[in-house]
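Take a look at the structure below.
Nothing in this text is a laboratory measurement; each read-out follows from the coordinates by a stated rule. The shown structure was predicted, so the numbers you read here are calculated from the model rather than taken from an experiment. Neighbour counts are summed over all protein chains in view; Cβ atoms, including those assigned to glycine, are modelled from backbone coordinates with ideal geometry.
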Amino acid sequence: MTARKEPLPLFSPLVTGYWLGRAEEPPRSLSTPGRYAIVVDAELPLSRSVMRLDFPDTGGWLSLSPEQARLLGLADTSEIGAPELDAALRQAGIGLNGADHLFYFAIPGQTALREQPEPDSVRQLTAEDADLFADFAAQSPADDLDEAFVELDHWLVFGCFVDGRLAAAASLIPWSGTKFADLGILTLPEFRGRGYGRQTVRAACAHALALGYEPQYRCQPDNAPSNALAAAAGLSLFAAWDVIAEDEAE
C-alpha cells in the first residue's frame with residue numbers, strides 16, 4: 001500500500017506572493033520531483049533573472065526574465081525536466097550559485113509562535129550587552145561565527161542565558177528590501193544539544209512576527225545540524241532555492 005503524503009504546508013501570502021508571483025501555490029500538478037513549471041516574469045531583477053525552486057515532494061518552479069527565456073529557448077507556462085534544463089543552462093553558458101534551503105513558519109506554526117510564552121532565560125539584546133556579546137563571540141569557533149552571521153548591531157537580536165552566560169544568540173535583518181527578516185543563529189559548542197538555540201530562534205522570530213516581518217531561515221541542503229535546528233524550531237521547508245551566479249547576473 002502506498003503511504004499517504006502529507007499535504008504541503010500552507011504559507012502566508014507574503015511568502016507565496018514573493019516567490020511565486022501570480023501563482024497562489026507551488027505547482028502541485030507537477031507531482032514528479034525534477035520537473036519545473038516555467039514562468040517568464042518581466043519584473044525579475046538581474047540577481048534573480050534565472051531562479052529555480054524545488055519544492056518538497058513535488059515539482060519545481062523556474063522563473064526567468066524575458067531575456068533569459070529567449071536565450072534558453074523556453075516559453076512561459078511550459079514545463080521542462082531537470083536534465084533538459086541542465087543541458088539548456090550549459091549550452092547558454094549560465095551557471096547557478098548553489099542551492100539554499102528556504103524555511104518559513106507555516107500559518108499554523110505562526111499561530112503557535114505568537115501564543116507561546118517567552119522563556120525566562122531568553123531576552124532581547126541591546127548595545128548595553130556589548131561586553132557579554134564580545135565574550136560570546138570570542139568563545140565561538142571562527143568558522144561558526146562567520147557562517148552564522150550573528151551581530152549585536154543587527155536589526156533584532158535575542159540571546160539565551162545559562163548561569164549568567166550568553167549561551168546562544170540569534171539575529172535578524174530585513175532582507176533585500178522585503179518584509180522578510182533573515183535569521184542567523186549561533187550556540188556555543190558546550191551548550192549545543194540542549195534546546196537553547198531552538199528557544200532563542202523562536203523568541204526572536206515571535207518578536208519579528210509581532211513587528212510585521214516574516215522570519216526567514218536559510219541554510220545549505222547538506223548542513224544537517226542547521227536543517228535539524230530549523231525543524232526543531234517549528235520552521236517548515238518551503239523550497240530549495242537557486243539563482244543565477246552573481247558574476248553572470250551583472
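List of remarks:
- Members of the range 38-59 found to be within 25 Å of ALA231 (Cα to Cα) and in contact (Cβ under 8 Å) with a residue 40 or more places away in the chain, listed by number: MET51, ARG52, LEU53, ASP54, PHE55, PRO56, ASP57, THR58
- The residues in the range 203-232 that are among the aliphatic types (A, V, I, L, M), closer than 20 Å to PRO174 by Cα and touching a Lys or Arg at 6+ places or on another chain (Cβ under 9 Å) can be counted, and the count is 4.
- The residues in the range 189-206 that are touching a strand residue (DSSP E or B) at 6+ places or on another chain (Cβ under 7 Å) and surrounded by fewer than 20 Cβ atoms within 10 Å (Cβ to Cβ) can be counted, and the count is 1.
- For the range 220-246, a residue qualifies if it is out of contact with any Pro (no Cβ under 8 Å at 6 or more places or on another chain) and either at positive phi or of a type in the set (Phe, Trp, Tyr) (or both), and the qualifying residues are GLY234, TRP241.
- Strands (runs of 3 or more DSSP E) enclosed by the range 174-250 - at least 1 residues per element that are within 25 Å of ILE94 (Cβ to Cβ): 214-219, 236-243
- Identity of the residue in the range 146-158, on the phi < 0 side of the Ramachandran plot and surrounded by fewer than 17 Cβ atoms within 10 Å (Cβ to Cβ), that ends up nearest to the chain's Cα centre (by Cα): GLU147
- Going through (1) in contact (Cβ under 8 Å) with a residue 60 or more places away in the chain; (2) surrounded by 16 or more Cβ atoms within 10 Å (Cβ to Cβ); (3) touching a Gly at 6+ places or on another chain (Cβ under 9 Å) one by one, GLN124 falls short only on (2).
- Candidates LEU113, LEU132 - the one that is within 17 Å of GLU190 (Cα to Cα) and not in a loop (DSSP other than H, G, I, E, B): LEU132
- Residue match in the range 185-203 (condition: under 13 Å from the mean Cα position of the chain (by Cα) and closer than 16 Å to LEU113 by Cα): no
- Test: residue in the range 135-152 that is in a strand (DSSP E or B) and under 29 Å from THR16 (Cα atoms): no
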